[in-house]
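The values are calculated or read from the model by the stated rules, or taken from the named source; none is laboratory data. Bear in mind the structure is a predicted one, so any value in this text is a computation, not a measurement. Methodologically, a virtual Cβ is constructed for each residue, glycine included, from the backbone with ideal geometry; neighbour enumeration extends over all protein chains shown. Please note that ligands, DNA and RNA were not included when accessible areas were found on the heavy atoms of the full protein model with its side chains. Shrake-Rupley method; radii C 1.70, N 1.55, O 1.52, S 1.80 Å.
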Amino acid sequence: MSGNNVDVTERVIIDHNDIKQAYEKVKALPDDEAEKWFNQLLWTIARHSAAEELVLYPLLEKTGQIGKELADKSREDHLKTKVALSEMDGKPMSAMQRQKIDVMMQDLLEHIAMEESAGGDLDQLRKAIPRDELVSQGNSFERTKMLVPTHAHPSAPDKPPFETVVGLLTAPIDKLRDLFRSFPDQAEVKSNRDQQ
Ligand SMILES: [Fe+2]
Ligand SMILES: [Fe+2]
């Protein structure tokens, strides 16, 4: 799935699969190689969560009471993940770090399953919002991912317009930090995705 005709629910699922695949790599590889895939995992989760908070959940709230409750629950889940991630960020890979990653991922995978489930966030959006609107929100979702911070900031507000401002302010610092980290080669990321 690529191009501009991908709706926001499909884009969210693509991200979820990227998150799952990066986690599988972390689990499968020895510490020194797992490190760069953990950086990839962090980066994917941080951008995905922020784009959901800025684009997906406000859209969900527009669908009424059910949507509002789903969005609130999702923001609560995100906060938990952000706190866990910010505690792990920058620490070397170790048995202890792996344990923390597994606990964080267990919660996150549950959250992802909820978003994708019948009656969950994406289902609610598909029921309540016409596809052309979901496609145009999909483009906003993708654009937002280019602007948001690349690391978790649990103390940043999670509703627009505040996260927008904080996000824009913190993004350049994160981008700088990223220059000093090791990431999997982009071609490697792509081929990992294609193999699934
Ligand atoms: Fe989410
Ligand atoms: Fe998600």
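A few remarks follow.
- Taking the Cα centre of the stretch 16-107 as origin and assigning +1 to Lys and Arg Cβ atoms and -1 to Asp and Glu Cβ atoms, the resulting dipole is close to 80 debye.
- Pairs from the table (Lys100/Lys145; Lys27/Lys80; Lys20/Lys100; Lys20/Lys68) lying more than 19 angstrom apart at Cα are Lys100/Lys145; Lys27/Lys80; Lys20/Lys68.
- Value of Rg to Rh for the stretch 1-97, rounded to two decimals, is 1.04; Kirkwood radius and Rg both from alpha-carbon coordinates.
- Probe 1.4 Å, all protein chains present, accessible-area order of Val83, Val26, largest first: Val83, Val26
- Rounded accessible area of Ser94 (nearest 10 Å², 1.4 Å probe): 40 Å²
- Pair Ser136, Asp107: separation of 7 Å Cα→Cβ label points (nm): 3.7 nm
- Heavy atoms of Val12: accessible area, 1.4 Å probe, square angstrom to 10: 0 Å²
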